[in-house]
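The next block holds one structure in the form of structure tokens; read it before the comments.
Any read-out appearing in this document is the output of simple, stated calculations on the displayed coordinates, not a laboratory observation. Note that the structure is a prediction, hence the values are computed from the model and not measured. Quick reminder, even Gly has a Cβ in these numbers, built from the backbone with ideal geometry, and neighbours come from all protein chains shown.
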Amino acid sequence: MSFQILKFTHGNLNTSTHHCRKKHSSVVDDLKHDYELKLHHFSVAQKNYDTLQTRLVDAESQLDKAVAQLAQAERLQRSQAVVGETWEQQYRGAMQEVESLRDENAALKSKIRRQYKQIELLTRELGWGWGGGER
């Protein structure tokens, strides 16, 4: 009888151990699955981070190029403004010179007319008939 009790107890022990192993195995499998899932999420997050870093570097590079182009455009604008001001000053100077020459030309024409009139008067007085004085 004691052998049967011992056998029964031993049988329950085997069943209990088997059940514990199965339960622990299930827990280990769940932990493995959670770990692999977290590892996958981390891997995806790392790839996204790397992609964003690459895009950020590209965007910074493009921004640097745009800033350099704006600086160049500003330098060109200032240069063109200086050229425009210089041209405008030269144009005004040339226009003043043209006006001065027109005034001088008008004065010379007036002087020449006066001299023709004096010559005409003198030729009439002298009777030479030169200068269109005789009719």
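Length gain on complete extension for the stretch residue 64 to residue 80, per 0.36 nm per residue less the alpha carbon to alpha carbon distance?
Values: separation 16, 0.36 × 16 = 5.76 nm, distance 2.41 nm.
Extending this stretch completely gives an extra 3.4 nm.
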Original post:
Using r as the Cβ-Cβ distance of residue 113 and residue 92, and R0 as 25 Å, what FRET efficiency do you calculate, to the nearest 0.05?
Top reply: 0.20
